[in-house]
Amino acid sequence: MDDDMENGSLSPYPDRPRRFPSMRSKSHTPLVFRIFMGINVRVLFFLLLLGVGAIFYVGIRTSPIIVFVLSVCTISLFFAVYLTKWVLAKDEGPPEMAEISDAIRDGAEGFFRTQYGTISKMAMFLSLVIFSIYFFRSTTPQQEASGLGRSACAYVTVAAFLLGALCSGIAGYVGMWVSVRANVRVSSAARRSAREALQVAVRAGGFSAIVVVGMAVVGVAILYATFYVWLGVGSPNAMKVTDLPLLLVGYGFGASFVALFAQLGGGIYTKAADVGADLVGKVEQGIPEDDPRNPAVIADLVGDNVGDCAARGADLFESIAAEIISAMILGGTMAQRCKIEDPTGFILFPLVVHSFDLVVSSIGIISIRGTRESGVKIGIEDPMAILQKGYSVTIFFAVLAFGLSTRWLLYTEQAPSAWLNFALCGLVGIITAYAFVWITKYYTDYKHEPVRLLAMSSSTGHGTNIIAGISLGLESTALPVLVISIAIISAFWLGHTSGLLDESGNPTGGLFGTAVATMGMLSTAAYVLTMDMFGPIADNAGGIVEMSQQPESVREITDVLDAVGNTTKATTKGFAIGSAALASFLLFSAYMDEVASFAQIPFKQVDIAIPEVFVGGLLGSMLIFLFSAWACAAVGRTAQEVVNEVRRQFIERPGIMEYKEKPDYGRCVAIVASASLQEMIKPGALAIVSPILIGFLFRVLGNVTDQPLLGAKVVASMLMFATVAGILMALFLNTAGGAWDNAKKFIETGALGGKGSEPHKAAVTGDTVGDPFKDTAGPSLHVLIKMLATITLVMAPVFL
């Protein structure tokens with residue numbers, strides 16, 4: 001072979017068996033999984049049975065509700081195993097497909113192992129910082145009364161933080177693990193039937209979604225039950241059950257910490273490779289997307305898995321964990337103020353809602369069935385319509401399950417009709433979720449006018465395409481903000497009028513109403529994550545089909561699935577932003593309650609007319625723009641390295657374009673992996689250090705100027721302004737990027753001259769500009785918003 005290459009006597013590249021280099025130097029399976037795989041099957045089964053038994057024993061000693069939650073999650077895990085076996089039973093197609101898939105898997109698993117090794121080291125360092133803060137801080141009167149000293153608080157918070165980080169990492173690994181094995185099976189299924197390819201991609205995404213949501217619920221449930229039994233909650237001179245949820249905030253911070261760095265590192269990786277591949281391959285060389293001659297194509301396909309699958313799994317895990325914990329805190333606070341005899345139902349309600357989420361989403365996933373007919377044309381059935389039918393089924397059962405949950409857990413003799421008000425709050429959340437999905441679909445799907453107008457603007461050049469895309473992104477922020485505003489006010493009003501009163505006779509259910517609305521919005525989270533995972537799996541499948549040079553009819557199927565996948569990814573991001581807005585509102589309220597608890601001073605409002613507080617708001621808004629700038633700049637710098645490498649290979653290996661020489665795929669993978677790990681540190685550190693530093697400095701200033709709680713007030717202002725600016729910025733970035741991508745896809749269907757035309761080149765430029773918007777800065781922002789809220793909860797003692 002080497003002699004043939006030196007003599008230039010290779011036969012045409014497509015006629016030769018294609019071999020893609022293995023990038024695996026050692027096992028990339030995480031150490032925990034390697035240890036388990038090395039244990040005898042019978043011993044492992046016994047250990048698992050013992051562990052499950054211990055968990056259920058602790059659950060029984062805590063509450064029947066915990067037992068119900070654990071039972072549903074266990075059944076859901078078996079369903080996830082069924083989905084895995086079903087997907088893996090599908091064939092991998094011809095050898096060339098399997099070889100490409102192996103190269104993608106090697107690159108993805110190698111990067112994941114290195115990235116999460118770096119994140120784990122940072123998590124261990126941060127855990128030491130948290131321990132030091134909690135060990136030397138003051139305790140609340142409730143903690144002192146229960147005998148929970150400073151050292152115990154420190155150990156509890158650090159344990160919760162590390163568990164949240166570990167579970168978030170596992171959630172990310174699960175998302176990546178299934179995607180790198182399902183992509184080739186979707187490619188193979190596309191050779192037979194469009195509907196079968198759709199079903200394989202959906203069920204693969206469903207496995208990841210069920211595991212991610214199940215882990216978030218089980219993690220919080222186990223932590224709650226463990227603390228309940230260990231601290232003897234409910235017994236005389238012990239902690240009250242209403243104060244217990246505050247001990248869980250470390251879990252949410254750990255999940256946010258890992259999700260932020262996973263999203264940053266994965267987003268920089270995937271978009272730097274994508275931009276580099278498009279600029280040189282499509283624009284300069286005029287070769288198709290995912291063409292095997294492009295040296296960056298494997299890095300691009302690897303990026304889909306580490307950026308869109310692994311990072312999104314950790315992202316949604318963090319969203320659910322943060323929402324559950326904040327709702328538990330608010331439920332306990334409200335039950336305590338209202339003197340509800342048994343507050344357990346109000347505290348554990350979020351866990352039950354998300355347990356039902358697993359059930360209703362499983363029904364929605366199963367409702368999407370395949371077909372036995374071969375050669376089904378994609379034009380007969382719209383994949384997006386099929387996915388929406390599944391979503392409609394999921395929503396229908398979610399409404400029923402939510403009503404049942406509120407009647408079961410939120411009924412109280414003090415206000416017999418309160419459960420109905422809270423059920424309506426949940427309905428508000430479900431409608432909000434559906435509205436967000438529809439709005440995002442309208443602005444990013446090329447079947448609707450906005451994207452088609454954006455594609456039309458490409459016919460007059462690159463500049464008009466960029467202008468049209470930016471204006472579309474700016475416009476797309478209006479409707480979501482109106483929907484969020486209506487949802488918050490409606491849910492607050494329904495909770496406020498629920499009939500629940502505090503000791504003074506004042507209505508006190510408003511905040512919990514917004515919490516219930518947030519739960520309603522996330523009550524179909526598993527199915528929404530399924531649609532999100534569908535996108536990168538379909539994208540990878542299209543790349544494998546192109547690289548293995550399958551018939552054009554197969555590529556047509558994967559192209560349409562890929563375009564639908566772009567829309568589902570965009571809708572999921574819109575969904576995540578909406579849930580982040582509501583969850584941040586809850587976490588902000590929980591933060592104010594915690595500050596009041598520590599300081600023993602009422603803390604119910606923040607006055608931005610105070611100069612220092614207003615400055616805190618400005619700093620919060622500035623943080624959003626600076627973070628976004630650094631994230632996009634990181635993609636740009638890494639993409640420049642990829643562009644230079646791809647150009648170098650085309651110059652030094654001219655035979656690549658004639659299929660006479662193989663590109664060095666591994667070189668581009670190594671460049672992107674190394675650069676993305678370095679580039680993620682700077683914006684991530686900014687997000688963690690900023691609130692702590694701002695709160696501490698203004699605390700010192702408050703002590704000097706005799707302004708109590710100034711540090712806490714400034715941080716609260718920073719959090720409010722950062723949330724508002726972050727939501728708007730994330731909506732703009734996500735929608736503009738998704739619209740640019742699908743405008744390019746629309747032209748590639750044959751409109752406006754099709755592939756290779758001048759409008760197509762302009763659309764590729766727009767897509768390139770939008771890449772860091774929609775897959776790096778945008779997704780990282782809504783993670784940042786929630787992480788700022790959780791870090792202020794955990795670090796509140798620093799500000800007092």
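The values are calculated or read from the model by the stated rules, or taken from the named source; none is laboratory data. No experiment lies behind these values; they were computed from the predicted model shown. Note that we place each Cβ from the backbone using ideal geometry, even for glycine, and neighbour counts take in every protein chain shown. Keep in mind that these areas ignore ligands, DNA and RNA; they rest on the heavy atoms of the full protein, side chains included. Shrake-Rupley method; radii C 1.70, N 1.55, O 1.52, S 1.80 Å.
Laid out as a table, the results:
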quantity	calculated
Test: Y446 is surrounded by fewer than 19 Cβ atoms within 10 Å (Cβ to Cβ), closer than 23 Å to F575 by Cα, under 26 Å from the mean Cα position of the chain (by Cα) and of a type in the set (S, T, Y)	no
Check on G403, buried (at least 21 other Cβ atoms within 10 Å of the Cβ), out of contact with any Lys or Arg (no Cβ under 9 Å at 6 or more places or on another chain), closer than 21 Å to S579 by Cα and not aromatic (F, W, Y)	no
Some residue of segment 758-772 being assigned to a helix (DSSP H, G or I), closer than 27 Å to V249 by Cα and open to solvent by less than 30 Å² (accessible area, probe 1.4 Å)	no
Every residue from segment 579-618 that is in contact (Cβ under 8 Å) with a residue 24 or more places away in the chain and of a type outside the set (A, V, I, L, M, F, W, C)	S579, S584, S589, Y591, D593, E594, S597, Q600, D607, E612, G616, G617
Selection within segment 696-715 - at pLDDT below 90 and open to solvent by less than 20 Å² (accessible area, probe 1.4 Å)	G702, L710, G711, A712
The lone exception for D308 - which of (1) among the charged types (D, E, K, R); (2) open to solvent by 10 Å² or more (accessible area, probe 1.4 Å); (3) more than 30 Å from W408 (Cα to Cα) it fails	(2)
All positions within segment 187-213 that are among the basic types (K, R) and assigned to a helix (DSSP H, G or I)	R195, R203
Given (1) outside any helix (DSSP H, G or I); (2) of a type in the set (A, V, I, L, M); (3) at pLDDT 80 or above, number of the condition M239 does not satisfy	(3)
Residue among I470, I537 that alone is surrounded by fewer than 21 Cβ atoms within 10 Å (Cβ to Cβ) and at negative phi	I470
Residues that are among the small types (G, A, S), within 17 Å of G214 (Cα to Cα) and open to solvent by 10 Å² or more (accessible area, probe 1.4 Å), drawn from segment 321-367	S362
Hey, D291 farther than 30 Å from F131 by Cα, open to solvent by less than 10 Å² (accessible area, probe 1.4 Å) and in a loop (DSSP other than H, G, I, E, B) or not	yes
Residue, most open to solvent (accessible area, probe 1.4 Å), within segment 744-757, restricted to residues that are over 27 Å from the mean Cα position of the chain (by Cα) and among the charged types (D, E, K, R)	K755
Unique residue being under 26 Å from the mean Cα position of the chain (by Cα) and surrounded by 15 or more Cβ atoms within 10 Å (Cβ to Cβ) when the list is E661, E679	E679
Residues (open to solvent by less than 10 Å² (accessible area, probe 1.4 Å), in a helix (DSSP H, G or I) and of a type in the set (A, V, I, L, M)) located in segment 505-525	A515, V516, A517, M519, M521, A525
Among the candidates L731, L781, L793, residue that is open to solvent by less than 30 Å² (accessible area, probe 1.4 Å), in a helix (DSSP H, G or I) and over 30 Å from D290 (Cβ atoms)	L793
Sole residue being more than 19 Å from N566 (Cα to Cα), of a type in the set (G, A, S) and open to solvent by less than 50 Å² (accessible area, probe 1.4 Å), chosen from A455, A491, A478	A491
Any pair with Cβ under 7 angstrom, 6 or more apart, that starts in segment 649-667 at a residue that is touching a residue at least 12 places away in the same chain (Cβ under 8 Å) and charged (D, E, K, R) and ends at one that is surrounded by 18 or more Cβ atoms within 10 Å (Cβ to Cβ) and assigned to a helix (DSSP H, G or I)	K660/Y13; D664/Q649; R667/E645
Top-ranked residue in segment 540-571 [being touching a helix residue (DSSP H, G or I) at 6+ places or on another chain (Cβ under 8 Å) and not in a helix (DSSP H, G or I); ranked as most open to solvent (accessible area, probe 1.4 Å)]	Q549
